[in-house]
Amino acid sequence: MTISGESLADASCRKLITRIELPDEDFEPMPEGDIQRRNLSYATEALKLWFEKQQNVYVSGNLFIRYEQDLVEKRVAPDIFVVFGMSKEDRVSYTIGEDGGKAPDFVLEVISRGTRTKDRKQNPLIYKYLGVKEYFQYDPSIQILKPSALNGVRLEHGEYVAIASSVLADGTLALHSEVLGLDLHLYPSLNFRFFDPISNQMLRSYAEAEHDRSIAELERLYEQQARREAEVIAEQERLAKQQAEAIAEQERLVALQERNKNEKLAAYLRSLGINPDDI
């Protein structure tokens, strides 16, 4: 029997291939505007740069995590996640069953109107089931999450417990991630940034890091040029001083010669019975 020229066996095979291949494609809602897109890019880039020199720290985002090996529908796609103890190699999707059974340690969702139900109600249940240690939510629109546009929970004894926040002197909202060893800052300008409390520095995106390197290089070149100019001036001053000392020495020798000449003349006059002072 055929269906439009296709056998039942062929039709079943096509459906099976479709079911297997489609989950690698991202059908999640696209970022709603530039603000959300910028925050997604920043968070992923900043964490990748921060853990760049550490071995076996996998940072990714907007990537499917498969948590039931034979059930393709069991998947979730966090905006940003970090897994410690996993290689940095690129992946099409992150399959827990194929990666040592290791679930993400940290997840951050940048909430939009299109994902708010999933991010606030559905995903926390999945993350708790998987054993995700920390789950943070950030609302760049400041219209969905109330009363704070940034919050987080930490897994304690199988349940998520709210992470305490604090307000810094400049009005910045701060939450600490024990998993990352970093603070999450929401500034009064509503900009979101990761912050290292030990080095007291803000984590940079690729563009920000490159800008900082360019500024540092310009400052290095400026300091190098200023040092060279100072060395030239110091050398000129040294030569001028040396020249002045040479002139002074020459004048001293001329004066000494003149004095010796006068003394010899005076001695000669006295030998003739002439007082030099009378001349």
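The values are calculated or read from the model by the stated rules, or taken from the named source; none is laboratory data. This one's a predicted model, so the numbers in the text were calculated from it and none came from an experiment. When we count neighbours, we look across all protein chains shown, and the Cβ atoms used for this are built from the backbone with ideal geometry, even at glycine.
Key figures for this structure:
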read-out: Meets criteria (surrounded by fewer than 19 Cβ atoms within 10 Å (Cβ to Cβ), out of contact with any Leu (no Cβ under 8 Å at 6 or more places or on another chain) and either of a type in the set (S, T, N, Q) or in contact (Cβ under 8 Å) with a residue 60 or more places away in the chain (or both)) for Ser141; value: yes
read-out: Condition check for Ser141: out of contact with any helix residue (DSSP H, G or I) (no Cβ under 7 Å at 6 or more places or on another chain), in the same structural domain as Gly101 (by TED's automatic domain parsing) and assigned to a loop (DSSP other than H, G, I, E, B); value: yes
read-out: Complete set of residues in the range 215-274 that are exposed (fewer than 10 other Cβ atoms within 10 Å of the Cβ) and either in contact (Cβ under 8 Å) with a residue 24 or more places away in the chain or not in a helix (DSSP H, G or I) (or both); value: Leu272, Gly273
read-out: Answer residue from the range 173-204, given it is among the hydroxyl-bearing types (Ser, Thr, Tyr) and surrounded by fewer than 19 Cβ atoms within 10 Å (Cβ to Cβ) and is nearest to the chain's Cα centre (by Cα) among those; value: Ser199
read-out: Leading residue by the ranking (nearest to Tyr187 (Cα to Cα)) among those in the range 108-138 that are aromatic (Phe, Trp, Tyr) and either in a loop (DSSP other than H, G, I, E, B) or touching a strand residue (DSSP E or B) at 6+ places or on another chain (Cβ under 9 Å) (or both); value: Tyr138
read-out: Residue tally, condition surrounded by fewer than 19 Cβ atoms within 10 Å (Cβ to Cβ) and under 26 Å from the mean Cα position of the chain (by Cα), over the range 82-101; value: 9
read-out: Identity of the residue in the range 43-78, in a loop (DSSP other than H, G, I, E, B) and under 19 Å from Glu109 (Cα atoms), that ends up modelled with the lowest pLDDT; value: Lys74
read-out: Residue match in the range 193-204 (condition: part of a helix (DSSP H, G or I) and of a type outside the set (A, V, I, L, M, F, W, C)); value: no
read-out: In the range 165-185, the residues that are under 16 Å from Leu108 (Cα atoms) and either in contact with a Pro (Cβ under 7 Å, 6 or more places away or on another chain) or not in a strand (DSSP E or B) (or both); value: Glu178, Val179, Leu180, Gly181, Asp183
